[in-house]
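Q: Okay, here's the structure, questions in a sec.
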Amino acid sequence: MEILQAYGLILIIVAAVFGFFMAYGVGANDVANAMGTSVGSKALTIKQAILIAAIFEFAGAYLAGGSVTSTIRSGIIDAGYFIDVPEFMVFGMIGSLLAAGTWLLVASYYGWPVSTTHSIIGAIIGFTLVAVGSEAVHWTKVTGIVGSWIVTPMLAGVLAYLIFMSAQKLIFDTDNPIANAKKYVPFYMVFAGFIMSLVTIQKGLSHVGLGMSTANGIYLAVAIGVIIGLIGKAAISRLKIDPEADKQMHFNNVEKIFGILMITTACCMAFAHGSNDVANAIGPLAAVVSVVTSGGEIAGRATLAWWVLPLGAIGIVIGLATLGARVIKTVGTAITHLTPSRGFAAELSAASTVVIASGAGLPISTTQTLVGAVLGVGFARGIAALNLGVVRNIFISWVITLPVGAGLSIIFFYILQFLFTV
C-alpha cells in the first residue's frame, strides 16, 4: 500500500505509456481483420485501406469504446486474490501491457496475424501465476480459448466456403452472370446489411448507452438489411452492360459490385473492432488507474479516466498507419489469391461467425475468424490454392501467443517488483 502512495503518479504514467504501446500493437496487427481482404482483392490500395481503417477504427474506439470496462480482461482471473497485495495487481497489469505489446510488435513485423485478445490474456495469466498462484486463474476459460483455435477458424471457413460456392453456382457459372448478379446480389446485400448491423449493434452501440435487447437489435438489423438490399437492387438494376461483351467483361463487372460490398463490410468491421478490442489496451490501464487512485482498492469494474479512451484510439491508428501493412499483406495476398467476390465471402463469414460466437458466449479471436474464412474461400478452389507454408507459420504463431505473453509478463512483473520495492 505504501508503494502505491509513494509511486502512484509514476506508476500511472508508466502504465499509460505501455497502454499506448499495447494499443499501437493492436492497430498494427488487428487492422488486417477488417482491411486485409479488401487489399488482397485489389478493391482498395494499402494507403486507401489504412486511411479508411484509421477513420472507422478511431470512431469505434473513441465513440463506442465504453465508459466502463472490466479491469480483468474476459474475467480470466479472480481479482479477489489481490486484495491484500494491490501493488502486485498494478505491477502485473503494467507488465502485461508491455508483454502483450512486445509480442504484437514482433508478430506484426513478421506479418503474423495473431490474436491481440489472447496476447493480453496470456500475459495476465502469467503474472497471476507468480504473483498469487494458479488457483486465481479460471482454467475453464483458458480451455475454451485453446478450443477456439480450432472451432472458430473452422466455422468461419465452412461459412466462407458456402457463401463463395453459392455465388459461384448462382452467378459466375451461369450463361449470363450480369443478369444473375442483378437477381441475386441484392439478397447478399440484405444478408450483409443484417450481419454487419448486428455486429455493430452488439459490439459497438452497447458501449455508448444505446444498447438494446437482443430481439430489438435483431429487428433493427433486419430492417437495415432490407433497406440496404432495396437500395442495392435499385443501383444494380441501372448497370448497363453490352450483351455482346465477352464473359470476362461480365465477370469483371460482377466483381466490381462485390468489391463495393466488401468495402462497406470492412468499414463496419473496423468500427466494431475498434469499439471492442481497444479494451485489450485500456482494460489493464484502467485497472492500474483504478487501483492507484482508490488507494489500493480492487474493484471488479472501473470507470475510465477521460484521457484513457483517446489514448487507446490514437495508439490503434498510429499502429495501423506505421506497421499495419505487413499483416494486411499476409491476410490479403499470402494465404491465397483473392478476388472481390472471394474477399466478400470471407468478410461476411467472419462477421457471421462473430455474431454466432457472441450469441453463444464463446471466446473468439477476430483474427483467427478471418484467417479461417480466407482459408475457406481458398479451399473452395482446391488445396493447391493455399500457401501451406504461410498457413503453418500462422497456426504456430497462434499456439505460442498465450505462453509467450505469459513468459514475457512474468519477466516484466519481476523487473517492476524489483524496481519499486528495493
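The values are calculated or read from the model by the stated rules, or taken from the named source; none is laboratory data. Being a predicted model, the structure only gives us computed values, none of them experimental. Note that each Cβ is placed from the backbone with ideal geometry, even for glycine, and that neighbours are counted across all protein chains shown.
Q: What are the residue pairs meeting all of these: first residue in segment 228-239, first residue closer than 10 Å to A181 by Cα, second residue among the polar types (S, T, N, Q), Cβ atoms under 9 Å, and 6 or more apart or on different chains?
A: Correct list of pairs: empty, since none qualify.
Q: Follow-up question, since we're still on this one. It is to be established whether one or more residues within segment 337-353 are touching a residue at least 40 places away in the same chain (Cβ under 8 Å), in contact with a Ser or Thr (Cβ under 9 Å, 6 or more places away or on another chain) and farther than 16 Å from Y161 by Cβ.
A: Yes, segment 337-353 contains a residue that is touching a residue at least 40 places away in the same chain (Cβ under 8 Å), in contact with a Ser or Thr (Cβ under 9 Å, 6 or more places away or on another chain) and farther than 16 Å from Y161 by Cβ.
Q: Testing W103 on (1) aromatic (F, W, Y); (2) over 20 Å from E297 (Cα atoms); (3) surrounded by fewer than 24 Cβ atoms within 10 Å (Cβ to Cβ), one condition comes back false. Which one is that?
A: In the conditions (1) aromatic (F, W, Y); (2) over 20 Å from E297 (Cα atoms); (3) surrounded by fewer than 24 Cβ atoms within 10 Å (Cβ to Cβ), W103 misses (3) alone.
Q: Please list, ordered by first then second residue, the pairs with beta carbon atoms under 7 Å, 6 or more apart or interchain, first in segment 385-401 and within 10 Å of A334 (Cα to Cα), second among the polar types (S, T, N, Q).
A: Partner pairs satisfying both residue conditions: L386/T336; N387/T336; V390/T330.
Q: Can I ask one more? Yes or no: G126 assigned to a loop (DSSP other than H, G, I, E, B) and either more than 17 Å from the chain's Cα centre (by Cα) or under 28 Å from A325 (Cα atoms) (or both)?
A: Taking the combined requirement at face value, the residue does not satisfy it.
Q: Let me ask you something else. Taking segment 380-413 only, how many residues are part of a helix (DSSP H, G or I), surrounded by fewer than 19 Cβ atoms within 10 Å (Cβ to Cβ) and in contact with a helix residue (DSSP H, G or I) (Cβ under 6 Å, 6 or more places away or on another chain)?
A: The qualifying residues number 2.
Q: Condition first: part of a helix (DSSP H, G or I), modelled with pLDDT of 90 or more and buried (at least 18 other Cβ atoms within 10 Å of the Cβ). Can you find one or more residues in segment 106-115 that meet it?
A: yes
Q: Determine which member of the set T293, T333 is under 22 Å from Q368 (Cα atoms), among the hydroxyl-bearing types (S, T, Y) and out of contact with any strand residue (DSSP E or B) (no Cβ under 6 Å at 6 or more places or on another chain).
A: After applying the criteria, what remains is T333.
Q: While we're looking at this one, here's another question. Checking V291 against (1) crowded, with 21+ Cβ neighbours inside 10 Å; (2) closer than 28 Å to I178 by Cα, only one condition comes out false. Which one?
A: (2)
Q: Can you find a residue that is among the small types (G, A, S) and over 21 Å from V146 (Cα atoms) anywhere in segment 386-394?
A: Yes, segment 386-394 contains at least one residue that is among the small types (G, A, S) and over 21 Å from V146 (Cα atoms).
Q: Right, something else. Only one of T128, T140 is touching a strand residue (DSSP E or B) at 6+ places or on another chain (Cβ under 8 Å) and of a type in the set (S, T, Y). Can you tell me which?
A: The conditions single out T128.
Q: All but one of (1) over 17 Å from the mean Cα position of the chain (by Cα); (2) surrounded by fewer than 24 Cβ atoms within 10 Å (Cβ to Cβ); (3) over 30 Å from E255 (Cα atoms) hold for I314; which doesn't?
A: With respect to (1) over 17 Å from the mean Cα position of the chain (by Cα); (2) surrounded by fewer than 24 Cβ atoms within 10 Å (Cβ to Cβ); (3) over 30 Å from E255 (Cα atoms), I314 is out only on (1).
Q: Next question. Can you tell me how many residues in segment 1-27 are over 27 Å from L105 (Cβ atoms), in a helix (DSSP H, G or I) and aliphatic (A, V, I, L, M)?
A: Here the count works out to 3.
Q: On the given criteria, is S341 among the hydroxyl-bearing types (S, T, Y), assigned to a helix (DSSP H, G or I), closer than 28 Å to L386 by Cα and within 16 Å of the chain's Cα centre (by Cα)?
A: Considered against the rule, which asks whether it is among the hydroxyl-bearing types (S, T, Y), assigned to a helix (DSSP H, G or I), closer than 28 Å to L386 by Cα and within 16 Å of the chain's Cα centre (by Cα), S341 comes out as no.
Q: Working only within segment 135-144, note down all residues that are touching a Ser or Thr at 6+ places or on another chain (Cβ under 8 Å) and either of a type in the set (G, A, S) or in a loop (DSSP other than H, G, I, E, B) (or both).
A: A136
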